[in-house]
Each structure stands twice: as C-alpha cells, then as structure tokens.
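The values are calculated or read from the model by the stated rules, or taken from the named source; none is laboratory data. The structure displayed is predicted, hence computed values, not measured ones. When we count neighbours, we look across all protein chains shown, and the Cβ atoms used for this are built from the backbone with ideal geometry, even at glycine.
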C-alpha cells in the first residue's frame, strides 16, 4: 500500500469542540444534545447542517464525531455519518465495529440518514441508530434523502441494529430551519439536492 | 482544515495496472473488460473480488479506478465503487461529477452495486451506471447486497442516471466463483456478509 488515495482533513474546530464537550454522555438525551449542538456549530463554521457521533452504548464514551464535509472535502460521500464511521473504524483499527473485543456502539445522528448512509450503517458494525430530525424535515428545506427501502427501520432491526427515532426532533429540526433561514447552500438543487 | 481524518493508501500495483492498460476505452465492452480484469487482479493481490472505474462517456478516457479495500483499509465503506468515486472527485476537484465544465462520465462496475453504493452513485454526479455480474451472483457466493429499493434501476433513471446491466455478466461472475473456490474471505458471514 504505497500511493495515497485520499487524505481528508478535519476542520480544526472539531477536535476543540470534542475536548470541550467532555468524553462521556451517559444518557441518550445528552448524546443527542452533543450532536445537535455540533450540527449548529457546523453551520456557524459554514459547513452543512448535519452532525453525527459514535458512542459506546454501555457508558456513553464518545468514540468519534463527524459533520457534513461534502463541500469542504469536495467529495459527495462525506456525509456526517460517513465521517463519524470512518473515524471510529480508524480508531478501532477494524472495518467492523462489532469485531471481537470491541464494545457495542451506536450511531447518533442529528437527522435521519439518507439512503447511502443507511446502507453504510448496515455494513459498519454499529449496534444501534438514534435519529433526531426526520428525513421529511431535511426534505422540507430542500435536501434529498434518496430512495430508502420502504421499511428501512425493520431492515436494520433484522440485522441486529436497534433503531430509535424522534429523539429531540424539534431541537434537531430547528437547526435545519436556521440553516435555511441563513441562506445555507442546498447542493445541486437543479439535479438532485443531495446532502 | 487542519487535522488529518483519514489517509487512505492505494495498493502499489493499482497505478501500474492503470498505466499498463491504457488510457482510453472507446466501447463499453472494453471498459467492462478493464474492470473485470481489475477484479481478478485484486484477488491475486489478496483483495476483495470487486472492481469499478469511472470513464468519460464520450471518448472512454479512464478517470479513476477502484478495488474493494475494506480489509486492507480497515474501513467497511471502501467498496470498489466508493474508492473509484472518491478518486474521480479528488481528480475533478469537485463533489459533483456533473459540475459545469466537467465531461459526462459513467461508473462501470464488475458487480451490481450494494445498497450503500447505489445511494452514493445518486449523489456523485455520474450520468451512467454499467454493471457486469448481478447482485444475485455476489449473493450466491455468500456476500450480502443489503436492502435495495425494489426498482432501483428506475429510481436512478429518474435522477438522470442511465443503467445498463448484464454487460459481460458471465465473465464478471466467473471472478466471483474463482474467489470463492480459492477460499476468499466473505466478511462477517455470521452477522451480515457485507462486501
């Protein structure tokens, strides 16, 4: 493995936000608040209005967080969920966050994942998915969620990934509305307004 | 943007394979043969049996190729299609391969994309998708394709992405069988055998 394919840089403020916010988030509301505040901070830093993080399920230790870096990273794949999963797997040293010896973990996301991210979650090894705003909230400001399987929640549950929706939905959706009100960029609205 | 998130390295043999194979592939069979041979080479190099490449539609110029790097890169997201898309966007300097000034391009893949990759294709800006082996061929050797929308082909077509299937399907599927016969690793078969 010689030639570098891709070197993605994180915004300098993200590590500072993580250290400042603490390392453990025992209950689900604390975890979601961390993620919602991160999505708001991303807007302040001129990024997309989406954030996600991976936590240990048992003690709420923060493993990795992510924000939408599509524009900054010039790569359509860099949704917040993807960035958080890449960082968590890098830290774990495994392509499988359910590998032997690793503590069960969950992905907490400020907005329900798009079709691509749902697929990525199934392959990642996370044991749980927790969503704030709904897909329709993102669509209401012009983003495209892609075509998801009709009952994606059941599909993930069948794979051993628990799904919890509408956790602090209003607070999470408020960030989307703030983004829209502030004139935030909705990528490629003329073709398919993806996140 | 200061801290490095992710630095993915390409196998050293991939650039050599690309230079050796030529830079233009005028017809679709030539493009698919390039990709199928790349998937076979990936097996020889102890990688996954999947390959993909992005070509300009008009003259068949090769923009970027990719192989499955899930195990080598320790990241479940690094399917061949994702690696090829990341490289092509990096080269184009844009998150949108349909951005003004860029020539229309297509993704040619040795096996029909999984659910995650179908989502990624919708966001990438490619104008066409060409598939060799079918999803059921990958499933027949134990890989999991994930849950795709019932009529994903129509869904992509509605987004302006043409879909062509079964191009050299038998030759492409032969590589999957060779991989299986050679004892190739099917990731996490106990949970969900993902690609």
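Observations, loosely collected:
- Selection count where residues are over 24 Å from residue A:183 (Cα atoms) and not in a helix (DSSP H, G or I), scope the range A:6-25: 8
- Remark: residue A:175 falls outside the filter, which requires a residue to be away from every other protein chain (no Cβ under 14 Å), over 21 Å from residue B:146 (Cα atoms) and in a loop (DSSP other than H, G, I, E, B).
- Any chance residue A:185 is at pLDDT below 95, within 14 Å of chain B (Cβ to nearest Cβ) and surrounded by fewer than 21 Cβ atoms within 10 Å (Cβ to Cβ): yes
- Taken as a whole, the condition of being touching a residue at least 24 places away in the same chain (Cβ under 8 Å), away from chain B (no Cβ under 14 Å) and more than 14 Å from the chain's Cα centre (by Cα) does not apply to residue A:44.
- Looking across the range B:117-139, just one residue is touching a helix residue (DSSP H, G or I) at 6+ places or on another chain (Cβ under 6 Å) and free of Cβ contacts under 8 Å to residues at least 24 places away in the same chain, and that is B:119.
- When the range B:26-65 is filtered for residues that are part of a loop (DSSP other than H, G, I, E, B) and within 25 Å of residue B:98 (Cβ to Cβ), the ones remaining, listed by number, are B:26, B:27, B:50, B:57, B:58, B:59, B:60.
- Test result for residue B:14, within 14 Å of another protein chain (Cβ to nearest Cβ), closer than 19 Å to residue B:175 by Cα and surrounded by 13 or more Cβ atoms within 10 Å (Cβ to Cβ): yes
- Those helices (runs of 4 or more DSSP H) lying entirely in the range A:66-171 with at least 3 residues within 11 Å of chain B (Cβ to nearest Cβ) and modelled with pLDDT of 95 or more: A:80-92, A:115-124, A:152-158
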